[in-house]
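Asker: Sharing a structure here in structure tokens format.
The values are calculated or read from the model by the stated rules, or taken from the named source; none is laboratory data. Everything numeric here is computed off the predicted structure, so don't read it as measured data. Glycine gets a Cβ as well: all are built from the backbone with ideal geometry, and neighbour counts include every protein chain shown. For the accessible areas, the whole protein counts, side chains as well, though only heavy atoms, and no ligand, DNA or RNA atoms are used. Shrake-Rupley method; radii C 1.70, N 1.55, O 1.52, S 1.80 Å.
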Number of protein chains: 2
Amino acid sequence: MIVTVTLNPALDITYRVDGLVPHRTHRVSAVDERAGGKGLNVARVLHTAGEPVHATGLLGGDTGARVRALLDNDGIASAFEPIGAETRRTITVVDSDATGFWEPGPVVTPGEWSAFRARFVRLLGSASVVVLSGSLPRGLPADAYATLIADAREAGVRTVLDTSGEALRAGVPAGPDLVKPNLDELIALTGSADPDAAAAAAWVERLAAQVRALGAGAVVASAGADGLVAVTADGTWHARPPEIVTGNPTGAGDACVAALARGLRDRTPWPTLLADAVALSAAAVAAPVAGAIDAALAARLRPSVIVTPLSQERPAC
Amino acid sequence: MIVTVTLNPALDITYRVDGLVPHRTHRVSAVDERAGGKGLNVARVLHTAGEPVHATGLLGGDTGARVRALLDNDGIASAFEPIGAETRRTITVVDSDATGFWEPGPVVTPGEWSAFRARFVRLLGSASVVVLSGSLPRGLPADAYATLIADAREAGVRTVLDTSGEALRAGVPAGPDLVKPNLDELIALTGSADPDAAAAAAWVERLAAQVRALGAGAVVASAGADGLVAVTADGTWHARPPEIVTGNPTGAGDACVAALARGLRDRTPWPTLLADAVALSAAAVAAPVAGAIDAALAARLRPSVIVTPLSQERPAC
């Protein structure tokens, strides 16, 4: 079973309005609500793909109750540690484009964090892969993911880490089996910046190798529309979609992580796994909302994904 | 006891942001939540003023649960008829000024409306005055307030109606003891429009008398900063604040209604009642949020409110 951990989930609310005019009142014509947060998107993609998945994390208050109800509606198995503070909301107001308002979210107490850790360790008994996604709520230590990665390692469970900023910086040295930074996160982690080279596969490969040297078992870096660059113990590859898919890029990274977690569970060879991940990411871009996939598109693109070994020497294990 | 009826309550959420820029994502620095809807503001003002009050209406879903929790926190006695759909939210984003997003709100079923009416009739047994405030949710008949006014009349309970549009137009002929239209509502109800005369007390008095002729026992029209114009069976008056109070006008009308309901309950003579209402309205303008009052300001202004009889002949009863 794949367990997804979402420590800072959200109630994602989308409002449709005719045109956003600052300092006016707008009647919202349509309201959409989803259980949000990167880990929940990963869980939703896995569930849609028919994979057994269990979502866990922290939820609080009436907003947390609403998130849980939405997950139940989607048929996603979940059990969250309850917290005293209210789970955050994100509001996206859509007219010709999207305007976002992100609440600061709850402050988690040390007791709640301990209770979650105990829950997590119990869950490890039935997990083969754990996915750790998204930001940390206030109150948690910056090395929260490092702690969970150590717990998982002790239980013999593989880990995928997909976060950013300090949470990523503090998590990588704990040795997650796989991290999935994007270009911004690669640059932040390595301190490198070469605007001329940006997004060139060889440059992404070099930064990913630096991140791998910090402790990650494998680094799969997303290069946006240019696909994925993977630096692993078994080799390095560039996986590209056969065509540019336009749509909603939100959630593409989460679909990619879902495919990576499944491949890690099945010990799929890297070239096959990367092609799966590129096809599923593209299928998420084509779907209207985060966490959804266009399964027919994934099946159509999958055979044509281009996976090429990269030039760099095979890194030492 | 005063009963306030809020058929379309809201969870009022206020976000503070540095500056609203369309098509960007904003981190919200502060979140404030309140139980909203005009009837709940009236209940909060009465409760703050130490008056026994019971809030009722319709609430649904996790948003409804949140509204109830906030009322409980404020110590306001309440019991709502549960509905299947989610209670609406209103989001106000504040930078240098306010930008609002109003959800369309729930659709109420005929069965839920019947159940509410039965609850309302039971409540009438312990009520002396009922306040009917705000918009009607979708699914309710336009004459919903007329129905409740007839129920109250049958039980010998006096009614205050403060709404707008079709709900007001359909409610007035049922004979509420008091309606409190503002200038826009007076114009809409009477079809009169005389921009040159707008807000002149004599003109407001004429329109209010027309509205009274439609069925209301008394009309107390708010003329904004210029105070109140009352057309009643006992005479007509203009009540003005002794000074201009600046601040947040949202909720001033609800504070006015709270004072009117209390006066109706106590059968306070109109000039005294109107002076109370003007002072409490001004005290609401000076308070930072709807439903709150600056009690010290109310006490200071109260003796200086200017109440003058108006020229029009005493209307026939």
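Asker: With θ set to phi - 60°, apply the Karplus curve 6.51 cos²θ - 1.76 cosθ + 1.60 along the range A:230-241 and write out the HN-Hα couplings as whole Hz, x wherever there is a Gly or Pro.
Answerer: 10, 10, 9, 5, 9, x, 10, 9, 10, 10, 10, x
Asker: Something else now. Treating the beta-carbon of each Lys and Arg as +1 and of each Asp and Glu as -1, no other charges, what is the dipole magnitude of the protein assembly as shown about its Cα centre, to the nearest 20 debye?
Answerer: Charge dipole of the protein assembly as shown: 940 debye, to the nearest 20.
Asker: Any idea of the total accessible area buried by the B-A contact, 1.4 Å probe, rounded to 100 Å²?
Answerer: So the total buried area for this chain pair works out to about 2700 Å².
Asker: Taking Cα pairs under 8 Å and at least six residues apart, what relative contact order does the range A:1-126 come out at, in percent?
Answerer: 29 percent
Asker: Let me ask another. Closest approach to the B-A rotation axis by any Cβ of B: residue and distance in angstrom?
Answerer: B:D62, 2
Asker: Please report the spacing between the Cα centers of the range A:83-148 and the range B:1-19 in Å, no decimals.
Answerer: That distance is 28 Å.
Asker: Return the long-range amide H neighbours of A:A287 (sequence gap of 5 or more, or a different chain), with a cut-off of under 5 Å between placed amide H atoms.
Answerer: A:N248, A:D294
Asker: Percent of Cα-Cα pairs more than 36 Å apart in chain B, please.
Answerer: On the way: 7485 of 50086 pairs.
Every Cα pair in chain B considered, those over 36 Å come to 15 percent.
Asker: Let me know the charge dipole size of chain A about its Cα centre in debye, to the nearest 20, where only the beta-carbon of Lys, Arg (+1) and Asp, Glu (-1) is charged.
Answerer: Dipole of chain A, to the nearest 20 debye: 480 debye.
Asker: Also: Rounded to whole Hz and in sequence order, give me ³J(HN,Hα) for the range B:168-184 from the Karplus expression 6.51 cos²θ - 1.76 cosθ + 1.60, θ = phi - 60°, writing x for Gly and Pro.
Answerer: Couplings: 6, 4, 7, x, 4, x, 6, x, x, 5, 8, 10, 10, x, 9, 4, 4 Hz.
Asker: Rounded to the nearest 500 deg cm²/dmol, what is the calculated helix-only ellipticity per residue at 222 nm for the protein assembly as shown, with -39500 (n - 2.57) per DSSP H run of length n ≥ 4?
Answerer: The helix contribution divided over the protein assembly as shown gives -11500 deg cm²/dmol.
Asker: Say a label goes 7 Å from Cα toward Cβ at A:A200 in every copy; what distances in nm does this one have to the rest, shortest first?
Answerer: 7.9
Asker: Sorting check: for B:25-34, B:277-286, which peptide has the highest mean count of neighbouring beta carbons within 10 Å, and how do the rest follow?
Answerer: Answer by packing, highest mean first, reads B:277-286, B:25-34.
Asker: Going by amide H atoms built from the backbone, whose H comes under 5 Å of the H on B:T159, apart from near neighbours?
Answerer: It is B:V130, B:D177, B:L178, by chain and number.
Asker: Show which lysines lie in cross-link reach of B:K38 when reach means a straight Cα distance below 27 angstrom and same-chain residues fewer than eight apart are skipped.
Answerer: B:K180
Asker: Summarise the partner chain shielding of B:96-105 as one whole number: the mean count of Cβ atoms from other chains within 10 Å of each residue's Cβ.
Answerer: Numbers: counts 2, 3, 4, 9, 6, 13, 6, 7, 5, 2.
That works out to 6 on average.
Asker: For the range A:8-22, take each phi angle, set θ = phi - 60°, evaluate the Karplus expression 6.51 cos²θ - 1.76 cosθ + 1.60, and give the result in whole Hz per residue in order, putting x for glycine and proline.
Answerer: Calculated HN-Hα couplings, in order: 10, x, 8, 8, 8, 10, 10, 10, 9, 10, 5, x, 7, 10, x Hz.
Asker: Also: If you place +1 on the Cβ of every Lys and Arg, -1 on the Cβ of every Asp and Glu, and leave all else neutral, what size is the dipole of the range B:1-91 about its Cα centre, to the nearest 20 Debye?
Answerer: Magnitude of the dipole: close to 300 debye.
Asker: Next question. Do you know the relative contact order of chain B, to the nearest whole percent, from alpha carbon pairs under 8 angstrom that are 6+ apart?
Answerer: Rounded, it is 15 percent for chain B.
Asker: Same structure, new question: Quick check: from the Cα gyration tensor, does the range A:1-137 come out rounded (a/c under 1.5), prolate or oblate?
Answerer: In terms of gyration-tensor shape, prolate.
Asker: Continuing with the same structure: Considering every residue in A:53-63, what mean count of other chain Cβ atoms within 10 Å of its Cβ is obtained?
Answerer: 2
Asker: Here's a follow-up. Can you give the accessible area per residue of the range B:175-272, in Å², using a 1.4 Å probe?
Answerer: Normalised by residue count, the accessible surface of the range B:175-272 is 38 Å².
Asker: Cut-off 10 angstrom, C-alpha nodes, Gaussian network model of chain A. Which of A:S135, A:S78, A:S192 fluctuates the most?
Answerer: Ranking A:S135, A:S78, A:S192 by mean-square fluctuation puts A:S192 first.
Asker: Can you list, shortest first and in nm, the gaps between the label point of A:S114 and those of its counterparts in the other copies, using a point 7 Å from Cα in the C-beta direction?
Answerer: Counterpart label points of A:S114 in the remaining copies fall at 5.5 nm.
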